[in-house]
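Notes for the one structure printed next.
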Amino acid sequence: MTLLHEITGWLTSLMFYVLCVALIAFVAYCLYVRHVHQKYDHIPGPPRDNFLLGHTPTFVKVTSSKNIMHDVLLNWAEKYGPVYRLNSFHYAVVVIYCPEATKTILMSPKYPKDPFVYKSLFNLFGKRFLGNGLVTAVNHDVWYKQRRIMDPAFSSSYLRGLMGTFNEMSERLMDKLEENADGKTPVVMHDMVNCVTLDVITKVAFGVDLNLLNDPDSPFQNAIELCLKGMVYYLRDPLFRLNPKNWKMVQQIKDAAELLRRTGEKWIQDRKTAVENGEDVPKDILSQILKTAEEEKANNSEDHELMLDNFVTFFIAGQETTANQLSFAIMELGRHPEIYKRAKAEVDEVLGMKEEILYEDLGKLSYLSQVLKETLRLYPTAPATSRLLPEDMIINGLKIPGGCIASFNSYISSRMDKFFKDPLKFDPERFDVNAPKPYYCYYPFALGPRSCLGQAFSQMEAKVVLAKLLQRFEFSLVPGQSFKIKDTGTLRPLSGVICNIKHCSEEVL
């Protein structure tokens, strides 16, 4: 009995000491949070929801309500000015839309990517996801080594050779639309172009033909969808994984990330084996990357993991953003008959009846380029990027302490009337060759050395798909659908853009 009392007393003392240590740690953390607040509170910004959580409850509320966080950020920008502060726990972020600061920071390699966001995407709920790939690598040397390996696969001379694949995959879409071109069968265009862009990236990057338009049960699209959802919850809701109601979804998201990496592992290994056996292999992006990696002697186990990181990045970014841009462009053309008519007239003049679009044709489709650029102004499919400011800076008259994270958001600056007259109006004339050029307030592919490697690839593909659609069919939007935006990490049309399709020779409904 005495022993039991001793053990009970020892446990009670231990619990008391543990509670004391926890209390001291909590108080110390609160003092540190207060220190952070004092350090940044000279910068204007919305009132914090909570001392510890900062603005996180607003992020969670907006995300769970299916509203657009970027609209909230835009409202705050209009209210608090070109530099404003946000807090989350002991982190402070400064949102900037000042063009001069945007130019200074994004155009320079001295400001690394935000380690909090981009290192967070190394894993997705504990499963390696984007790792240290081109998008997420924070260390300049790690990024630069990969960029050197990837650059030849995205050179202009190489991209010219992809026109055949762009045409082939776009023709598959046209054939599929032909089945529903009766003017009465609603077609969800986002689903259609999503299949095409994923088919394109797997074919030109990895030599694999998924043929998703004819295989709707492929697991890849669902895996990408789950990973995109997972990114939003992972970054904006720190408590998401702790809620037992979400554990099933968390596991599904981890399985989706695993599927993409496992698939990449198989495809890359199959290609390496084929090369070693002297077999003929496609002259695709993977072959070019393997060749350059061999020349750079980048063939250890970590280099292999980096290659898988970029495989997943291609899957997520290489098709999702282009599909979303095409969907928004179709939506806006359907909403603006005069713009639709002009774009179609240009396509008819440049292409006529020919089926194969040549690389030289793309430069002649200038108004179509304006339509695609204006689409990205209103709907930048990957709206934001962020950088670490290692030293104190003065921005718009405010001292920004070193160690701060700066966030840049093309959605914000592109929708402000101080930069664009009547900013919510869809007007491709803004990008006419004689129109004034936006000054560091339009950057849908980011800016500077860390700008998107695949932007030329993406815009070539989008132009081919949209030109063929305008050449072959007439479409009208089904009445009653929503034109709102859905935030899945990237931005896409909420409704999916539901259209009735008819042949060009028939009268549009």
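The values are calculated or read from the model by the stated rules, or taken from the named source; none is laboratory data. Keep in mind that this is a model prediction, so the values were computed, not measured. Virtual Cβ from ideal backbone geometry, glycine too; neighbours counted across all protein chains shown.
For the reader, a short list of remarks on this structure follows.
- Checking each residue in segment 188-207 for being out of contact with any helix residue (DSSP H, G or I) (no Cβ under 7 Å at 6 or more places or on another chain) and over 21 Å from Met150 (Cβ atoms) picks out Val188, Asp191.
- Beta carbons closer than 7 Å, at least 6 apart along the sequence or on distinct chains, pair a first residue in segment 480-501 that is closer than 25 Å to Met174 by Cβ with a second that is of a type in the set (Asp, Glu) and outside any strand (DSSP E or B) for Gly496/Asp191.
- Taking (1) modelled with pLDDT of 95 or more; (2) in contact with a helix residue (DSSP H, G or I) (Cβ under 6 Å, 6 or more places away or on another chain); (3) surrounded by fewer than 21 Cβ atoms within 10 Å (Cβ to Cβ) in turn, Val478 satisfies each apart from (2).
- Residue list for segment 428-446, filter: of a type outside the set (Phe, Trp, Tyr) and more than 19 Å from the chain's Cα centre (by Cα): Pro428, Glu429, Arg430, Asp432, Val433, Asn434, Ala435, Pro436, Lys437, Pro438
- Qualifying positions in segment 157-167 - touching a helix residue (DSSP H, G or I) at 6+ places or on another chain (Cβ under 8 Å), over 20 Å from Ala293 (Cα atoms) and in a helix (DSSP H, G or I): Arg160, Met163, Thr165, Phe166, Asn167
- Of the strands (runs of 3 or more DSSP E) contained entirely in segment 319-427, those carrying at least 2 residues that are farther than 19 Å from Glu474 by Cβ and more than 25 Å from the chain's Cα centre (by Cα) fall at 393-395, 398-400.
- Evaluating Cys499 against the criteria (1) surrounded by fewer than 19 Cβ atoms within 10 Å (Cβ to Cβ); (2) of a type outside the set (Val, Ile, Thr); (3) touching a strand residue (DSSP E or B) at 6+ places or on another chain (Cβ under 8 Å) leaves one unmet condition, (1).
- Evaluation of Lys229 against the conditions (1) part of a helix (DSSP H, G or I); (2) farther than 13 Å from Phe125 by Cα; (3) basic (Lys, Arg) shows that the sole unmet condition is (2).
- Filtered residues of segment 36-87 (kept if in a loop (DSSP other than H, G, I, E, B) and under 30 Å from Ser495 (Cα atoms)): His55, Ser65, Lys66, Asn67, Ile68
- Any hit, segment 348-361, residues being crowded, with 21+ Cβ neighbours inside 10 Å, out of contact with any helix residue (DSSP H, G or I) (no Cβ under 6 Å at 6 or more places or on another chain) and not acidic (Asp, Glu): no
- Leu398 meets the conditions (1) among the hydrophobic types (A, V, I, L, M, F, W, C); (2) farther than 30 Å from His140 by Cα; (3) touching a strand residue (DSSP E or B) at 6+ places or on another chain (Cβ under 7 Å); (4) in contact (Cβ under 8 Å) with a residue 24 or more places away in the chain in every case but one. The failed one is (2).
- Exclusive hit being of a type outside the set (Phe, Trp, Tyr) and in contact with a His (Cβ under 8 Å, 6 or more places away or on another chain), set Ala317, Ala343, Ala323, Ala329: Ala323
- Flag for Glu294 being at pLDDT below 90, over 28 Å from Leu228 (Cα atoms) and not in a helix (DSSP H, G or I): no
- Tabulated pairs, segment 179-195, first on the phi > 0 side of the Ramachandran plot, second of a type in the set (A, V, I, L, M, F, W, C) and part of a loop (DSSP other than H, G, I, E, B), C-beta under 6 angstrom, 6+ apart or interchain: Gly183/Leu509
- Residues located in segment 319-338, provided they are surrounded by fewer than 20 Cβ atoms within 10 Å (Cβ to Cβ) and either without any contact (Cβ under 8 Å) to a residue 40 or more places away in the chain or of a type in the set (A, V, I, L, M, F, W, C) (or both): Pro337, Glu338
- Sole residue being surrounded by fewer than 14 Cβ atoms within 10 Å (Cβ to Cβ) and more than 16 Å from Gly402 (Cα to Cα), chosen from Gly81, Gly45, Gly126: Gly126
- Check on Glu305, at pLDDT 85 or above and farther than 17 Å from Met150 by Cα: no
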